């Protein structure tokens with residue numbers, strides 16, 4: 001439900017807006033119509049029972065019709081709605097003498113139930129289409145990152161030996177360079193949430209904190225409560241959920257947080273991109289060639305019909 005509500009903010013085309021409006025109206029109509037349905041059924045109204053049976057039959061016919069149309073025409077939804085509305089209204093007016101007191105309830109219940117059926121069939125037979133756009137978000141305050149393991153870390157490593165960031169970039173081949181570049185690109189970041197691996201980078205967190213504090217002394221570093229298995233996708237997703245929950249308590253909004261997909265392994269990149277599918281979440285990547293910081297927004301594209 002939260003996902004559907006957030007997607008309403010992305011509606012740009014008028015036909016899509018009309019469909020969303022019909023869906024919202026149907027929600028209220030279904031409740032009212034269902035209450036009247038129960039009343040009539042409880043009173044043992046034979047006419048209403050027969051009418052309900054006809055409505056169910058019409059729904060089944062419509063189900064079959066949409067299945068046939070979907071194989072012929074991709075824009076079958078609008079035609080199906082018109083056909084359904086015509087049949088139901090014709091049926092309603094034909095039975096006006098039997099439904100003088102309950103015509104509104106009949107229309108509400110029949111139209112709303114059929115609308116839900118159409119939308120369910122449409123969603124069931126539709127493919128999600130995604131679009132990835134490079135964006136330049138403003139007011140970024142948080143960064144969630146997966147800490148890579150530094151295999152060849154110098155024994156005498158000391159962040160204080162570097163005068164500036166350029167000196168750090170030039171002297172060492174450090175797997176944390178990309179995260180440092182992100183922090184340098186978005187200097188307004190206030191919170192850094194670090195997720196480390198159980199068999200590697202967790203033991204190097206203190207060294208990483210020393211390095212970050214050298215160049216970004218005002219940054220608050222939050223370490224995930226425990227190391228995780230970097231090869232377990234579910235653990236990575238759960239860690240991201242906890243990271244966002246923690247940062248939102250600061251409080252930060254979704255569009256003020258970046259998910260770094262550069263660090264760690266491929267699983268971390270998949271987890272970061274997947275988790276950013278939600279509304280107004282971004283993932284960031286640093287090119288290994290140009291060293292350019294790139295932020296991406298993954299959005300669900302509207303189909304041709306909407």
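Each reported figure results from applying straightforward, stated rules to the coordinates on display, with no laboratory input. Remember, it's a predicted structure, so these values are computed and weren't measured experimentally. No Cβ is skipped: glycine too gets one built from the backbone with ideal geometry, and neighbour counts run over all protein chains shown.
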| Based only on the alpha carbon positions, what is the Kirkwood hydrodynamic radius of region 133-301, in angstrom? | 16.1
| task | Only residues of region 256-291 count here: report those whose backbone N is under 11 Å from the spot 7 Å along Cα→Cβ of residue 130, or say none. | result | 270-278
| query | Relative to the present Cα-Cα distance, how much length would full extension add between residue 119 and residue 267 at 0.36 nm per residue of separation? | reply | 49.8 nm
| said: Just want the ordering: 115, 246, 262, from fewest to most Cβ atoms lying within 10 Å of their own Cβ. | reply: 246, 115, 262
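Given the Cα-Cα distance of residue 248 and residue 185 and 0.36 nm per residue of separation, how much length would full extension add, in nm?
Full extension from residue 248 to residue 185 adds 20.5 nm.
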